[in-house]
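The values are calculated or read from the model by the stated rules, or taken from the named source; none is laboratory data. The structure presented is a predicted model; accordingly, all values stated were derived computationally and were not measured. Quick reminder, even Gly has a Cβ in these numbers, built from the backbone with ideal geometry, and neighbours come from all protein chains shown. Side chains included, ligands, DNA and RNA excluded: accessible areas come from the protein's heavy atoms. Shrake-Rupley method; radii C 1.70, N 1.55, O 1.52, S 1.80 Å.
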Amino acid sequence: MKKLSFKIITTLWITLLIAVVCGVSVTALMLISRKTADDKLRQTLVAAVQSNSDEMEFSNGIFEVENDFMYYSDGVYCDLFSEDGEYIGGETPHALINAPSDLKKVVKRTFDSKEYYVYSELLEFTKFEYEIDIRSGQVISYEADVTPVNELKPVPYSETNFQNGISTNEAIEIALAHAGIKKNEATVIGVQIPVYSDRQVFKIEFTADSSSCKKIYIRAICPSEDVKTMFTNIGKSALYILPFFVIVAAIGAYIISKKTVAPIEKITDSAHEISTGNDLSKRLETNKAPREISNLADTFNGMFERLHTSFENEKRFTSDASHELRTPLAVIKAECEYALSENADDEEKMQALESIEEQTDKMTSLVSSLLSVTRAEQGLSRFTLEEANFSELVEDVCRKFRTSKNIELITDIDNDIIINLNNTLMTQLVENLLSNADKYGKENGVINVKLYSEKDKTVLSVRDNGIGISKEDLPKIFNRFYRADASRSESEGFGLGLALVKKIAEIHSAECIAESEIDKFTEIKIIFKK
Ligand code: ATP
Ligand code: MG
(Lines give C-alpha, C1' and ligand atoms only; values in the text may rest on other atoms or scores of the structure.)
(Ligands and ions follow the chains in the order given, each with its own letter.)
Protein backbone atom coordinates (compact mmCIF):
# COMPACT_ATOMS: atom_id res chain seq x y z
CA MET A 1 0.00 0.00 0.00
CA LYS A 2 1.25 3.46 -0.84
CA LYS A 3 2.40 5.35 2.25
CA LEU A 4 0.38 8.43 3.19
CA SER A 5 2.21 11.71 2.88
CA PHE A 6 3.13 13.75 5.95
CA LYS A 7 0.80 16.51 4.68
CA ILE A 8 -2.18 14.17 4.57
CA ILE A 9 -1.38 12.59 7.93
CA THR A 10 -0.98 16.00 9.60
CA THR A 11 -4.16 17.30 7.95
CA LEU A 12 -6.13 14.27 9.11
CA TRP A 13 -4.83 14.49 12.67
CA ILE A 14 -5.41 18.23 13.01
CA THR A 15 -8.90 17.94 11.47
CA LEU A 16 -9.79 15.05 13.75
CA LEU A 17 -8.48 16.95 16.76
CA ILE A 18 -10.44 20.08 15.88
CA ALA A 19 -13.60 18.05 15.17
CA VAL A 20 -13.31 16.32 18.55
CA VAL A 21 -12.55 19.60 20.36
CA CYS A 22 -15.49 21.35 18.61
CA GLY A 23 -17.84 18.43 19.33
CA VAL A 24 -16.85 18.26 22.99
CA SER A 25 -17.04 22.06 23.37
CA VAL A 26 -20.50 22.30 21.77
CA THR A 27 -21.80 19.41 23.88
CA ALA A 28 -20.32 20.89 27.07
CA LEU A 29 -21.66 24.32 26.16
CA MET A 30 -25.13 22.91 25.50
CA LEU A 31 -25.15 20.97 28.76
CA ILE A 32 -24.00 23.99 30.76
CA SER A 33 -26.45 26.36 29.02
CA ARG A 34 -29.25 23.88 29.45
CA LYS A 35 -28.52 23.59 33.14
CA THR A 36 -28.33 27.39 33.44
CA ALA A 37 -31.59 27.93 31.54
CA ASP A 38 -33.25 25.20 33.58
CA ASP A 39 -32.11 26.85 36.83
CA LYS A 40 -33.22 30.22 35.51
CA LEU A 41 -36.72 28.88 34.74
CA ARG A 42 -37.00 27.37 38.22
CA GLN A 43 -35.97 30.72 39.75
CA THR A 44 -38.54 32.54 37.58
CA LEU A 45 -41.30 30.27 38.92
CA VAL A 46 -40.30 30.85 42.56
CA ALA A 47 -39.94 34.61 41.95
CA ALA A 48 -43.41 34.76 40.30
CA VAL A 49 -45.00 33.10 43.34
CA GLN A 50 -43.13 35.31 45.78
CA SER A 51 -43.88 38.60 44.02
CA ASN A 52 -47.58 37.67 43.69
CA SER A 53 -47.80 36.73 47.39
CA ASP A 54 -47.69 40.43 48.29
CA GLU A 55 -50.59 41.21 46.01
CA MET A 56 -53.31 39.44 48.07
CA GLU A 57 -55.04 40.12 51.33
CA PHE A 58 -58.14 39.41 53.33
CA SER A 59 -59.78 42.79 53.77
CA ASN A 60 -62.60 42.87 56.35
CA GLY A 61 -62.88 39.08 55.89
CA ILE A 62 -63.09 39.20 52.10
CA PHE A 63 -60.28 37.75 49.95
CA GLU A 64 -58.97 40.41 47.58
CA VAL A 65 -56.48 40.12 44.76
CA GLU A 66 -54.79 43.38 43.86
CA ASN A 67 -54.45 44.67 40.33
CA ASP A 68 -50.67 44.08 40.31
CA PHE A 69 -51.17 40.32 40.63
CA MET A 70 -49.69 38.76 37.47
CA TYR A 71 -51.79 35.77 36.40
CA TYR A 72 -49.59 35.41 33.36
CA SER A 73 -46.15 36.87 32.75
CA ASP A 74 -43.09 35.70 30.75
CA GLY A 75 -44.66 32.33 29.94
CA VAL A 76 -45.48 31.68 33.62
CA TYR A 77 -49.11 31.14 34.75
CA CYS A 78 -50.09 31.79 38.37
CA ASP A 79 -53.19 30.13 39.87
CA LEU A 80 -54.87 30.39 43.22
CA PHE A 81 -56.50 27.54 45.12
CA SER A 82 -58.40 27.53 48.37
CA GLU A 83 -57.13 25.77 51.46
CA ASP A 84 -59.25 22.74 50.39
CA GLY A 85 -57.60 22.68 46.94
CA GLU A 86 -60.50 24.30 45.09
CA TYR A 87 -59.56 26.43 42.10
CA ILE A 88 -60.16 30.09 42.88
CA GLY A 89 -58.74 31.95 39.92
CA GLY A 90 -56.10 32.28 37.23
CA GLU A 91 -55.65 32.30 33.47
CA THR A 92 -54.12 28.87 33.09
CA PRO A 93 -55.60 26.76 30.30
CA HIS A 94 -58.19 24.42 31.74
CA ALA A 95 -56.15 21.27 31.05
CA LEU A 96 -53.38 22.45 33.34
CA ILE A 97 -55.55 23.03 36.38
CA ASN A 98 -54.52 20.56 38.95
CA ALA A 99 -54.51 20.75 42.73
CA PRO A 100 -51.14 21.88 44.09
CA SER A 101 -48.81 19.30 45.59
CA ASP A 102 -45.08 19.03 46.39
CA LEU A 103 -44.98 22.39 48.14
CA LYS A 104 -41.94 24.67 47.96
CA LYS A 105 -40.09 22.68 45.29
CA VAL A 106 -40.04 22.91 41.51
CA VAL A 107 -41.30 19.66 40.03
CA LYS A 108 -41.90 18.41 36.51
CA ARG A 109 -45.42 17.42 35.59
CA THR A 110 -46.84 16.15 32.31
CA PHE A 111 -50.17 17.47 31.08
CA ASP A 112 -51.50 16.44 27.70
CA SER A 113 -48.16 14.74 26.96
CA LYS A 114 -46.35 18.04 27.42
CA GLU A 115 -43.86 18.65 30.16
CA TYR A 116 -44.25 21.56 32.63
CA TYR A 117 -42.39 22.92 35.60
CA VAL A 118 -44.69 23.51 38.58
CA TYR A 119 -44.02 25.37 41.83
CA SER A 120 -46.60 25.68 44.61
CA GLU A 121 -46.69 27.38 48.00
CA LEU A 122 -49.28 27.53 50.75
CA LEU A 123 -49.67 31.20 51.69
CA GLU A 124 -50.64 31.90 55.27
CA PHE A 125 -52.20 35.26 56.03
CA THR A 126 -50.58 35.64 59.42
CA LYS A 127 -50.12 39.40 59.56
CA PHE A 128 -53.09 41.35 60.88
CA GLU A 129 -53.87 45.04 60.91
CA TYR A 130 -56.83 46.33 62.95
CA GLU A 131 -58.31 49.78 63.40
CA ILE A 132 -60.28 50.10 66.69
CA ASP A 133 -62.26 53.18 67.59
CA ILE A 134 -60.68 54.82 70.64
CA ARG A 135 -63.99 55.96 72.14
CA SER A 136 -66.32 53.05 71.44
CA GLY A 137 -63.82 50.17 71.10
CA GLN A 138 -65.57 49.24 67.84
CA VAL A 139 -63.63 47.42 65.04
CA ILE A 140 -63.55 49.89 62.15
CA SER A 141 -61.56 47.80 59.65
CA TYR A 142 -59.27 44.80 59.57
CA GLU A 143 -56.91 43.13 57.10
CA ALA A 144 -54.92 39.88 56.97
CA ASP A 145 -51.76 39.70 54.83
CA VAL A 146 -49.03 37.22 54.16
CA THR A 147 -46.13 37.90 56.54
CA PRO A 148 -43.21 39.12 54.42
CA VAL A 149 -40.20 36.85 54.02
CA ASN A 150 -38.14 39.04 56.36
CA GLU A 151 -40.23 38.81 59.42
CA LEU A 152 -41.37 42.06 61.01
CA LYS A 153 -39.76 43.15 64.24
CA PRO A 154 -41.98 44.46 67.03
CA VAL A 155 -41.75 48.23 67.59
CA PRO A 156 -42.07 49.26 71.27
CA TYR A 157 -45.27 51.12 72.06
CA SER A 158 -46.48 52.98 75.15
CA GLU A 159 -49.59 52.18 77.05
CA THR A 160 -52.22 54.89 76.54
CA ASN A 161 -55.47 55.25 78.37
CA PHE A 162 -58.14 57.57 76.96
CA GLN A 163 -60.69 59.28 79.17
CA ASN A 164 -64.14 58.30 77.99
CA GLY A 165 -62.50 55.64 75.83
CA ILE A 166 -60.41 52.45 75.87
CA SER A 167 -56.78 51.73 76.74
CA THR A 168 -54.12 50.28 74.40
CA ASN A 169 -54.34 46.85 76.03
CA GLU A 170 -58.11 46.82 75.74
CA ALA A 171 -57.82 47.68 72.05
CA ILE A 172 -55.36 44.78 71.50
CA GLU A 173 -57.69 42.39 73.29
CA ILE A 174 -60.64 43.54 71.16
CA ALA A 175 -58.60 42.97 67.93
CA LEU A 176 -57.37 39.49 69.00
CA ALA A 177 -60.84 38.45 70.09
CA HIS A 178 -62.25 39.63 66.76
CA ALA A 179 -59.59 37.62 64.85
CA GLY A 180 -60.25 34.61 67.09
CA ILE A 181 -56.64 34.43 68.21
CA LYS A 182 -55.46 33.74 71.71
CA LYS A 183 -53.14 36.28 73.27
CA ASN A 184 -50.28 33.83 73.68
CA GLU A 185 -50.44 32.89 69.96
CA ALA A 186 -49.94 36.48 68.76
CA THR A 187 -47.01 38.92 68.60
CA VAL A 188 -47.90 42.59 68.61
CA ILE A 189 -45.71 44.42 66.14
CA GLY A 190 -46.88 47.91 66.65
CA VAL A 191 -49.62 50.15 67.97
CA GLN A 192 -50.20 53.59 66.45
CA ILE A 193 -52.77 56.28 66.97
CA PRO A 194 -53.12 57.95 63.56
CA VAL A 195 -55.09 61.15 63.42
CA TYR A 196 -58.10 61.01 61.10
CA SER A 197 -60.43 63.98 60.58
CA ASP A 198 -63.59 62.13 61.48
CA ARG A 199 -62.45 59.72 64.21
CA GLN A 200 -59.59 58.63 66.45
CA VAL A 201 -58.45 54.99 66.25
CA PHE A 202 -55.89 52.52 67.58
CA LYS A 203 -54.06 51.00 64.62
CA ILE A 204 -52.84 47.59 65.84
CA GLU A 205 -50.53 45.28 63.88
CA PHE A 206 -49.78 41.74 65.00
CA THR A 207 -48.70 38.41 63.62
CA ALA A 208 -50.25 35.15 64.67
CA ASP A 209 -49.61 31.47 64.80
CA SER A 210 -50.42 29.96 61.37
CA SER A 211 -52.88 27.34 62.64
CA SER A 212 -55.61 29.87 63.28
CA CYS A 213 -55.10 31.89 60.05
CA LYS A 214 -56.58 31.84 56.56
CA LYS A 215 -54.58 30.02 53.87
CA ILE A 216 -54.44 30.11 50.09
CA TYR A 217 -52.50 27.92 47.66
CA ILE A 218 -50.64 29.69 44.89
CA ARG A 219 -49.19 27.69 42.01
CA ALA A 220 -46.88 28.83 39.19
CA ILE A 221 -46.59 26.73 36.06
CA CYS A 222 -44.70 27.03 32.79
CA PRO A 223 -43.88 24.67 29.92
CA SER A 224 -40.38 23.15 29.91
CA GLU A 225 -40.68 22.98 26.14
CA ASP A 226 -39.25 26.48 25.66
CA VAL A 227 -35.93 25.36 27.08
CA LYS A 228 -36.06 22.14 25.10
CA THR A 229 -36.87 23.90 21.85
CA MET A 230 -34.07 26.36 22.43
CA PHE A 231 -31.60 23.53 22.82
CA THR A 232 -32.93 21.52 19.93
CA ASN A 233 -32.36 24.65 17.84
CA ILE A 234 -28.83 25.13 19.22
CA GLY A 235 -28.13 21.44 18.55
CA LYS A 236 -29.40 21.76 14.99
CA SER A 237 -27.31 24.88 14.40
CA ALA A 238 -24.28 23.07 15.82
CA LEU A 239 -24.93 20.19 13.45
CA TYR A 240 -24.85 22.58 10.50
CA ILE A 241 -21.91 24.65 11.77
CA LEU A 242 -19.72 21.75 12.91
CA PRO A 243 -19.07 20.26 9.44
CA PHE A 244 -18.29 23.77 8.23
CA PHE A 245 -15.74 24.14 11.05
CA VAL A 246 -14.25 20.76 10.22
CA ILE A 247 -13.91 21.69 6.53
CA VAL A 248 -12.27 25.02 7.43
CA ALA A 249 -9.99 23.16 9.88
CA ALA A 250 -9.06 20.61 7.22
CA ILE A 251 -8.21 23.34 4.70
CA GLY A 252 -6.24 25.27 7.35
CA ALA A 253 -4.43 22.13 8.47
CA TYR A 254 -3.55 21.26 4.88
CA ILE A 255 -2.18 24.77 4.23
CA ILE A 256 -0.16 24.71 7.49
CA SER A 257 1.25 21.23 6.85
CA LYS A 258 2.05 22.18 3.26
CA LYS A 259 3.98 25.20 4.49
CA THR A 260 5.70 23.10 7.15
CA VAL A 261 6.67 20.40 4.71
CA ALA A 262 7.74 22.77 1.91
CA PRO A 263 11.35 23.22 3.18
CA ILE A 264 11.67 19.44 3.68
CA GLU A 265 10.45 18.84 0.13
CA LYS A 266 12.92 21.41 -1.13
CA ILE A 267 15.75 19.66 0.73
CA THR A 268 14.59 16.26 -0.54
CA ASP A 269 14.60 17.57 -4.14
CA SER A 270 18.05 19.14 -3.77
CA ALA A 271 19.43 16.03 -2.04
CA HIS A 272 17.95 13.87 -4.79
CA GLU A 273 19.48 16.15 -7.42
CA ILE A 274 22.91 15.94 -5.74
CA SER A 275 22.78 12.19 -5.25
CA THR A 276 21.66 11.44 -8.82
CA GLY A 277 23.82 14.10 -10.48
CA ASN A 278 27.55 14.00 -10.97
CA ASP A 279 28.40 17.02 -8.89
CA LEU A 280 28.93 15.99 -5.29
CA SER A 281 30.41 19.41 -4.47
CA LYS A 282 26.90 21.02 -4.49
CA ARG A 283 25.40 21.77 -1.09
CA LEU A 284 21.88 22.23 0.28
CA GLU A 285 20.71 25.74 1.02
CA THR A 286 20.28 26.22 4.77
CA ASN A 287 19.80 29.98 5.23
CA LYS A 288 16.05 30.39 4.76
CA ALA A 289 14.85 27.18 6.37
CA PRO A 290 13.65 27.02 9.98
CA ARG A 291 16.15 25.82 12.60
CA GLU A 292 15.23 22.11 12.68
CA ILE A 293 15.24 21.90 8.88
CA SER A 294 18.50 23.81 8.55
CA ASN A 295 20.01 21.40 11.14
CA LEU A 296 18.83 18.53 8.93
CA ALA A 297 20.31 20.23 5.87
CA ASP A 298 23.60 20.77 7.75
CA THR A 299 23.68 17.07 8.61
CA PHE A 300 23.07 16.20 4.95
CA ASN A 301 25.75 18.67 3.89
CA GLY A 302 28.18 17.06 6.34
CA MET A 303 27.33 13.67 4.84
CA PHE A 304 27.81 14.98 1.28
CA GLU A 305 31.11 16.52 2.35
CA ARG A 306 32.37 13.19 3.66
CA LEU A 307 31.04 11.34 0.60
CA HIS A 308 32.65 13.90 -1.67
CA THR A 309 36.04 13.62 0.08
CA SER A 310 35.77 9.85 0.08
CA PHE A 311 34.86 9.72 -3.65
CA GLU A 312 37.65 12.14 -4.48
CA ASN A 313 40.12 10.01 -2.50
CA GLU A 314 38.91 6.88 -4.24
CA LYS A 315 39.20 8.55 -7.64
CA ARG A 316 42.70 9.78 -6.89
CA PHE A 317 43.68 6.42 -5.47
CA THR A 318 42.47 4.56 -8.55
CA SER A 319 44.10 6.98 -10.96
CA ASP A 320 47.37 7.00 -8.95
CA ALA A 321 47.37 3.23 -8.72
CA SER A 322 46.76 2.81 -12.46
CA HIS A 323 49.37 5.45 -13.16
CA GLU A 324 51.95 3.64 -11.01
CA LEU A 325 51.11 0.33 -12.70
CA ARG A 326 51.10 1.75 -16.20
CA THR A 327 54.79 2.80 -16.08
CA PRO A 328 56.27 -0.64 -15.35
CA LEU A 329 53.77 -2.25 -17.74
CA ALA A 330 54.88 0.12 -20.51
CA VAL A 331 58.52 -0.73 -19.81
CA ILE A 332 57.74 -4.47 -19.84
CA LYS A 333 55.86 -4.10 -23.13
CA ALA A 334 58.75 -2.13 -24.70
CA GLU A 335 61.38 -4.59 -23.46
CA CYS A 336 59.35 -7.52 -24.79
CA GLU A 337 58.96 -5.90 -28.20
CA TYR A 338 62.67 -5.17 -28.34
CA ALA A 339 63.67 -8.69 -27.23
CA LEU A 340 61.36 -10.24 -29.81
CA SER A 341 62.66 -8.04 -32.63
CA GLU A 342 65.26 -9.39 -35.03
CA ASN A 343 67.74 -6.65 -34.13
CA ALA A 344 68.32 -7.84 -30.51
CA ASP A 345 71.26 -10.13 -29.92
CA ASP A 346 71.46 -12.59 -27.00
CA GLU A 347 73.03 -10.16 -24.57
CA GLU A 348 70.42 -7.51 -25.28
CA LYS A 349 67.69 -10.10 -24.84
CA MET A 350 69.20 -10.97 -21.44
CA GLN A 351 69.20 -7.28 -20.50
CA ALA A 352 65.56 -6.99 -21.59
CA LEU A 353 64.64 -10.01 -19.46
CA GLU A 354 66.45 -8.52 -16.45
CA SER A 355 64.60 -5.24 -16.95
CA ILE A 356 61.29 -7.10 -17.20
CA GLU A 357 62.09 -8.94 -13.95
CA GLU A 358 62.94 -5.67 -12.24
CA GLN A 359 59.63 -4.06 -13.36
CA THR A 360 57.71 -7.16 -12.31
CA ASP A 361 59.28 -6.94 -8.82
CA LYS A 362 58.26 -3.32 -8.66
CA MET A 363 54.69 -4.16 -9.64
CA THR A 364 54.58 -7.02 -7.13
CA SER A 365 55.76 -4.69 -4.42
CA LEU A 366 53.19 -2.04 -5.45
CA VAL A 367 50.35 -4.54 -5.54
CA SER A 368 51.31 -5.94 -2.12
CA SER A 369 51.49 -2.39 -0.68
CA LEU A 370 48.10 -1.60 -2.19
CA LEU A 371 46.68 -4.78 -0.72
CA SER A 372 48.06 -3.91 2.72
CA VAL A 373 46.51 -0.44 2.62
CA THR A 374 43.17 -1.74 1.36
CA ARG A 375 43.09 -4.43 4.03
CA ALA A 376 44.03 -1.95 6.74
CA GLU A 377 41.19 0.27 5.56
CA GLN A 378 38.74 -2.46 6.43
CA GLY A 379 39.77 -1.76 10.03
CA LEU A 380 38.78 -3.82 13.02
CA SER A 381 36.27 -5.84 11.06
CA ARG A 382 39.24 -7.70 9.58
CA PHE A 383 41.84 -7.56 12.34
CA THR A 384 41.73 -8.44 16.02
CA LEU A 385 43.76 -6.80 18.78
CA GLU A 386 45.32 -8.79 21.58
CA GLU A 387 47.24 -7.81 24.66
CA ALA A 388 50.96 -8.12 23.76
CA ASN A 389 54.40 -6.92 24.78
CA PHE A 390 54.95 -3.85 22.57
CA SER A 391 58.53 -3.35 23.83
CA GLU A 392 59.55 -6.83 22.62
CA LEU A 393 57.88 -6.27 19.24
CA VAL A 394 59.74 -2.97 18.63
CA GLU A 395 63.06 -4.47 19.81
CA ASP A 396 62.55 -7.42 17.48
CA VAL A 397 61.93 -5.21 14.42
CA CYS A 398 64.96 -3.03 15.30
CA ARG A 399 67.15 -6.12 15.62
CA LYS A 400 66.18 -7.25 12.13
CA PHE A 401 66.71 -3.76 10.63
CA ARG A 402 69.43 -3.57 7.96
CA THR A 403 70.71 -0.17 6.84
CA SER A 404 71.69 0.64 3.28
CA LYS A 405 73.59 3.80 4.25
CA ASN A 406 75.68 2.79 7.21
CA ILE A 407 73.17 4.44 9.51
CA GLU A 408 73.46 3.85 13.26
CA LEU A 409 70.24 2.73 14.99
CA ILE A 410 70.02 3.89 18.61
CA THR A 411 67.12 2.47 20.65
CA ASP A 412 65.68 3.66 23.92
CA ILE A 413 62.86 1.26 24.66
CA ASP A 414 61.15 0.99 28.06
CA ASN A 415 60.69 -2.60 29.16
CA ASP A 416 57.47 -4.55 29.12
CA ILE A 417 55.04 -2.04 27.74
CA ILE A 418 51.85 -4.01 27.27
CA ILE A 419 49.17 -2.74 24.92
CA ASN A 420 46.36 -4.20 22.80
CA LEU A 421 47.81 -4.70 19.32
CA ASN A 422 47.71 -6.72 16.15
CA ASN A 423 51.13 -8.25 15.80
CA THR A 424 51.32 -8.32 11.97
CA LEU A 425 50.05 -4.77 11.51
CA MET A 426 52.20 -3.29 14.25
CA THR A 427 55.32 -4.98 12.84
CA GLN A 428 54.46 -3.46 9.42
CA LEU A 429 54.04 -0.01 11.06
CA VAL A 430 57.44 -0.06 12.77
CA GLU A 431 59.15 -1.50 9.65
CA ASN A 432 57.67 1.28 7.48
CA LEU A 433 58.87 4.01 9.84
CA LEU A 434 62.37 2.49 9.99
CA SER A 435 62.41 2.02 6.22
CA ASN A 436 61.54 5.71 5.68
CA ALA A 437 64.10 6.86 8.23
CA ASP A 438 66.69 4.81 6.39
CA LYS A 439 65.52 5.75 2.88
CA TYR A 440 65.44 9.48 3.60
CA GLY A 441 68.31 9.44 6.08
CA LYS A 442 71.86 10.60 5.40
CA GLU A 443 74.92 8.41 4.82
CA ASN A 444 76.44 7.54 8.22
CA GLY A 445 73.46 9.17 9.90
CA VAL A 446 71.57 8.20 13.03
CA ILE A 447 68.10 6.82 13.70
CA ASN A 448 66.67 7.10 17.21
CA VAL A 449 63.84 4.75 18.17
CA LYS A 450 62.12 5.50 21.46
CA LEU A 451 59.28 3.71 23.19
CA TYR A 452 58.04 5.03 26.49
CA SER A 453 54.92 5.07 28.55
CA GLU A 454 53.44 8.08 30.32
CA LYS A 455 50.46 8.48 32.61
CA ASP A 456 47.80 8.41 29.94
CA LYS A 457 49.68 7.45 26.80
CA THR A 458 52.33 5.23 25.23
CA VAL A 459 54.57 6.88 22.62
CA LEU A 460 56.60 5.33 19.81
CA SER A 461 59.00 7.79 18.18
CA VAL A 462 61.25 7.22 15.15
CA ARG A 463 63.62 10.10 14.43
CA ASP A 464 66.29 10.48 11.78
CA ASN A 465 68.69 13.26 10.82
CA GLY A 466 68.00 12.95 7.10
CA ILE A 467 66.68 15.18 4.31
CA GLY A 468 63.63 16.32 6.24
CA ILE A 469 60.24 17.35 4.91
CA SER A 470 59.17 20.87 3.92
CA LYS A 471 56.37 22.66 5.80
CA GLU A 472 54.12 22.44 2.70
CA ASP A 473 54.61 18.68 2.33
CA LEU A 474 54.33 17.81 6.00
CA PRO A 475 50.48 17.81 6.23
CA LYS A 476 50.21 15.61 3.13
CA ILE A 477 52.70 12.83 3.78
CA PHE A 478 50.06 10.51 5.26
CA ASN A 479 47.96 10.72 2.05
CA ARG A 480 48.04 7.75 -0.27
CA PHE A 481 50.55 8.02 -3.14
CA TYR A 482 51.89 11.28 -1.81
CA ARG A 483 55.64 11.72 -2.22
CA ALA A 484 57.56 14.91 -1.59
CA ASP A 485 59.42 16.12 -4.67
CA ALA A 486 62.84 15.89 -3.00
CA SER A 487 62.40 12.21 -2.18
CA ARG A 488 60.84 11.45 -5.58
CA SER A 489 64.07 12.25 -7.38
CA GLU A 490 66.35 10.44 -4.94
CA SER A 491 64.68 7.22 -3.98
CA GLU A 492 62.10 4.72 -5.09
CA GLY A 493 58.73 4.28 -3.48
CA PHE A 494 55.01 4.57 -4.06
CA GLY A 495 53.99 6.96 -1.31
CA LEU A 496 51.93 4.23 0.42
CA GLY A 497 54.10 3.51 3.47
CA LEU A 498 52.84 6.35 5.70
CA ALA A 499 49.24 5.94 4.49
CA LEU A 500 49.48 2.37 5.78
CA VAL A 501 51.07 3.60 9.03
CA LYS A 502 48.15 5.98 9.54
CA LYS A 503 45.53 3.28 8.90
CA ILE A 504 47.29 0.88 11.27
CA ALA A 505 47.47 3.62 13.93
CA GLU A 506 43.72 4.26 13.50
CA ILE A 507 42.99 0.56 14.02
CA HIS A 508 44.88 0.87 17.32
CA SER A 509 43.05 4.15 18.17
CA ALA A 510 46.41 5.91 17.98
CA GLU A 511 47.36 9.30 16.59
CA CYS A 512 50.20 10.06 14.10
CA ILE A 513 52.22 13.24 14.49
CA ALA A 514 55.04 14.28 12.12
CA GLU A 515 57.65 16.93 12.90
CA SER A 516 60.44 17.82 10.55
CA GLU A 517 62.90 20.43 9.41
CA ILE A 518 64.50 20.36 5.96
CA ASP A 519 68.00 18.85 6.06
CA LYS A 520 67.87 18.49 9.84
CA PHE A 521 65.50 15.86 11.13
CA THR A 522 62.22 14.05 10.75
CA GLU A 523 60.37 12.58 13.71
CA ILE A 524 57.22 10.50 13.41
CA LYS A 525 55.38 9.88 16.67
CA ILE A 526 52.64 7.32 17.17
CA ILE A 527 50.67 8.11 20.34
CA PHE A 528 48.56 5.36 21.84
CA LYS A 529 45.96 6.51 24.34
CA LYS A 530 45.60 4.36 27.45
P1 ATP B 1 56.68 3.69 0.05
O2 ATP B 1 56.76 3.79 1.49
O3 ATP B 1 55.32 3.44 -0.46
O4 ATP B 1 57.68 2.78 -0.56
P5 ATP B 1 57.46 6.39 0.24
O6 ATP B 1 58.39 6.07 1.32
O7 ATP B 1 57.82 7.43 -0.72
O8 ATP B 1 57.04 5.11 -0.57
P9 ATP B 1 55.71 7.08 2.38
O10 ATP B 1 56.42 6.17 3.30
O11 ATP B 1 54.25 7.09 2.44
O12 ATP B 1 56.10 6.81 0.88
O13 ATP B 1 56.23 8.54 2.60
C14 ATP B 1 55.58 9.58 1.92
C15 ATP B 1 56.57 10.69 1.67
O16 ATP B 1 56.89 11.31 2.91
C17 ATP B 1 57.86 10.23 1.15
O18 ATP B 1 57.87 10.15 -0.25
C19 ATP B 1 58.78 11.33 1.64
O20 ATP B 1 58.75 12.41 0.77
C21 ATP B 1 58.22 11.74 2.94
N22 ATP B 1 58.88 11.08 4.07
C23 ATP B 1 58.45 10.06 4.76
N24 ATP B 1 59.30 9.73 5.75
C25 ATP B 1 60.31 10.61 5.66
C26 ATP B 1 61.50 10.81 6.41
N27 ATP B 1 61.82 10.04 7.47
N28 ATP B 1 62.35 11.80 6.03
C29 ATP B 1 62.01 12.60 5.00
N30 ATP B 1 60.90 12.47 4.24
C31 ATP B 1 60.05 11.48 4.58
MG1 MG C 1 57.96 4.69 2.84
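Put simply, the convex hull of the Cα atoms in region 1-100 casts, on average, a shadow of 11.6 nm². Residue-normalised convex hull volume from the C-alpha trace of region 129-211: 99 Å³ per residue. Each residue of region 1-55 gets 52 Å³ once the volume of the Cα convex hull is shared out per residue. For region 375-530, how big is the tail of P(r) above 20 Å, as a whole percent of Cα pairs? Of all Cα-Cα distances in region 375-530, 46 percent exceed 20 Å. Region 382-402 and region 247-265 have Cα centres spaced 65 Å apart. Angle of helix 346-377 to the longest C-alpha principal axis of the chain, folded into 0 to 90 degrees and rounded to 10: 20°. Per-residue ellipticity at 222 nm, computed for the chain from helices alone with -39500 (n - 2.57) per DSSP H run of at least four residues, works out to -16000 deg cm²/dmol. Report, to the nearest 10°, how far helix 168-179 tilts away from the longest principal axis of the Cα atoms in the chain, using its own Cα long axis and a range of 0 to 90°. Approximately 80 degrees, to the nearest 10.
Separation of region 120-165 and region 205-244 by C-alpha centroid, Å? Taking the Cα centre of each part, region 120-165 and region 205-244 sit 36 Å apart. Across the chain, C-alpha contacts under 8 Å between residues 6 or more apart give a mean separation that, scaled by the residue count, equals a relative contact order of 10 percent. The phi-based Karplus calculation (6.51 cos²θ - 1.76 cosθ + 1.60; θ = phi - 60°) puts the 3J(HN,Hα) values of region 198-205 at 8, 8, 10, 10, 8, 9, 10, 10 Hz, whole numbers, x for Gly and Pro.
For the chain, the carbon plus sulfur part of the accessible surface works out to 53%, probe radius 1.4 Å. Packing, as the average of other Cβ atoms within 10 Å across residues, places the peptides 126-139, 66-79 in the order 126-139, 66-79, highest first.
In terms of the mean number of neighbouring beta-carbon atoms within 10 Å, the peptides 101-108, 446-453, 249-256 order highest first as 446-453, 249-256, 101-108.
For region 268-336, the list of GluC sites (Glu not before Pro) that fall in a loop by DSSP and count at most 14 other C-beta atoms within 10 angstrom reads E285.
Rg/Rh for region 333-372 (Cα atoms only, Rh after Kirkwood) is 1.17.
Projected onto planes of every orientation and averaged, the convex hull of the alpha-carbon atoms in region 186-270 covers 16.8 nm².
Where the alpha-carbon atoms of region 291-372 are placed on the principal axes, they occupy 78, 23, 9 Å, in descending order.
Under the criterion of Cα pairs below 8 Å and six or more residues apart, the relative contact order for region 291-372 equals 27 percent. Loop-located GluC sites (Glu not before Pro) in region 339-414 (DSSP state not H, G, I, E or B) with no more than 11 neighbouring Cβ atoms inside 10 Å: E342. Annotation: peptides 152-159, 30-37, 497-504, ranked by per-residue average of other Cβ atoms within 10 Å with the highest first, follow the order 497-504, 30-37, 152-159. Rg and Dmax over the alpha-carbon atoms of region 40-193 stand at 19.8, 70 Å. May I ask for the angle, rounded to the nearest 10°, between helix 6-53 and the longest principal axis of the chain, with both axes built from Cα atoms and the value confined to 0 to 90°? Roughly 10 degrees between the two axes.
With 20 Å bins beginning at zero, the pair-distance distribution over Cα atoms of the chain amounts to 14, 21, 14, 10, 10, 13, 12, 5, 1, 0 %. Counting every pair of alpha carbons in region 389-458, the share spaced more than 18 Å apart comes to 38 percent. Using the heavy atoms of the protein chains and a 1.4 angstrom probe, tell me the accessible area per residue for the chain in square angstrom. Normalised by residue count, the accessible surface of the chain is 60 Å².
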